[in-house]
1. Only residues that are over 21 Å from the mean Cα position of the chain (by Cα), buried (at least 18 other Cβ atoms within 10 Å of the Cβ) and modelled with pLDDT under 95: list them for the range 38-68, please.
2. Which one of these is in a helix (DSSP H, G or I), surrounded by 15 or more Cβ atoms within 10 Å (Cβ to Cβ) and modelled with pLDDT under 90: 215, 166, 139?
3. Six or more apart or on different chains, Cβ atoms under 6 Å: show the pairs whose first residue is in the range 75-99 and of a type in the set (S, T, N, Q) and whose second is in a loop (DSSP other than H, G, I, E, B) and at pLDDT 80 or above.
4. Return only the number of the condition from (1) closer than 22 Å to residue 205 by Cα; (2) over 13 Å from the mean Cα position of the chain (by Cα); (3) crowded, with 20+ Cβ neighbours inside 10 Å that residue 33 does not satisfy.
5. Just checking, does the range 87-105 include any residue being surrounded by fewer than 17 Cβ atoms within 10 Å (Cβ to Cβ) and either within 16 Å of residue 7 (Cα to Cα) or outside the structural domain of residue 46 (by TED's automatic domain parsing) (or both)?
6. Determine, yes or no, whether residue 184 is modelled with pLDDT under 75, over 21 Å from residue 152 (Cβ atoms) and either outside the structural domain of residue 161 (by TED's automatic domain parsing) or surrounded by fewer than 19 Cβ atoms within 10 Å (Cβ to Cβ) (or both).
7. Determine the pairs where a residue that is more than 16 Å from residue 97 (Cβ to Cβ) and aromatic (Phe, Trp, Tyr), located within the range 196-220, has a partner that is buried (at least 19 other Cβ atoms within 10 Å of the Cβ) and modelled with pLDDT of 75 or more with Cβ atoms under 9 Å apart, the partner being 6 or more residues away or on another chain.
8. Given the condition outside any loop (DSSP other than H, G, I, E, B), basic (Lys, Arg) and over 14 Å from the mean Cα position of the chain (by Cα), answer yes or no: does some residue in the range 76-90 qualify?
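The values are calculated or read from the model by the stated rules, or taken from the named source; none is laboratory data. Every value quoted in this text rests on a predicted model; they were computed, and no experiment measured them. We place every Cβ from the backbone using ideal geometry, glycine too, and count neighbours over all the protein chains shown.
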Amino acid sequence: MITVLIADDQALVRRGFQLILEIEQDLEVVGEAVDGDDAVDKARELRPDIVLMDVRMPGTDGIEATRILTADPDSSTRVVMLTTFDMDQYVYEALKAGASGFLLKDVRPELLVAGIHAVYAGESLLAPSLTRRMIDSFLDRPRALDPKAEQRLAGLTSREREVLALLARGLTNAEIADELVVSATTVKTHVARVLMKLELRDRVQAVIFAYQHNLARPRAADPNAHR
């Protein structure tokens, strides 16, 4: 059973998400929070697997609440940010704060459910409309590399670097296994080692790390794509 806490200042929104999730046999909504401070308190009390966190709430907003929760070394709770605002600044700040995913509130119910399962399994989760802009923005920004991060990167094997680059392309474990002609279990082990060695929380942070350290490049656009 995957436990979920819903944090949103609008009661109708919380109820809507609850109705979607409660029909799933392996999902359980264990609580609701009305603002960021409430979300932090409830998450610490209930220890949910996933928090669906609204970005903009009164008082402590969702991004600051996420930063507080993900900074707790004893917590395994993952945060999925939800918002009606398709704005880059929220995406970057949420991911920097430690969010494991970011979706718009108008996401289809089946994609919300699939997203919760993906984040619970350690996969990354970004609305498709946001992914390309996030990558392009990171490439355009000046990047001051952390010497300690460089040391951690040096500890990766060649195969682990290869897996990291494939993660940055958004491939699932199954797709990476096909690409490298290895088993999905082997890929899962490699991914776990990459995250451990680089001291990263999840695959979203691994994607960011890969682009920041020039281990990945966006694929060239197809010149015939708009013809």
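1. Within the range 38-68, none qualify.
2. 166
3. Listed by first residue and then by second, the contacts come to 77/48; 83/55; 84/105.
4. Against the list (1) closer than 22 Å to residue 205 by Cα; (2) over 13 Å from the mean Cα position of the chain (by Cα); (3) crowded, with 20+ Cβ neighbours inside 10 Å, residue 33 comes up short only on (1).
5. Scanning the range 87-105, I find at least one residue that is surrounded by fewer than 17 Cβ atoms within 10 Å (Cβ to Cβ) and either within 16 Å of residue 7 (Cα to Cα) or outside the structural domain of residue 46 (by TED's automatic domain parsing) (or both), so the answer is yes.
6. No: the conditions fail for residue 184.
7. 211/168
8. Looking through the range 76-90, none of the residues is outside any loop (DSSP other than H, G, I, E, B), basic (Lys, Arg) and over 14 Å from the mean Cα position of the chain (by Cα).
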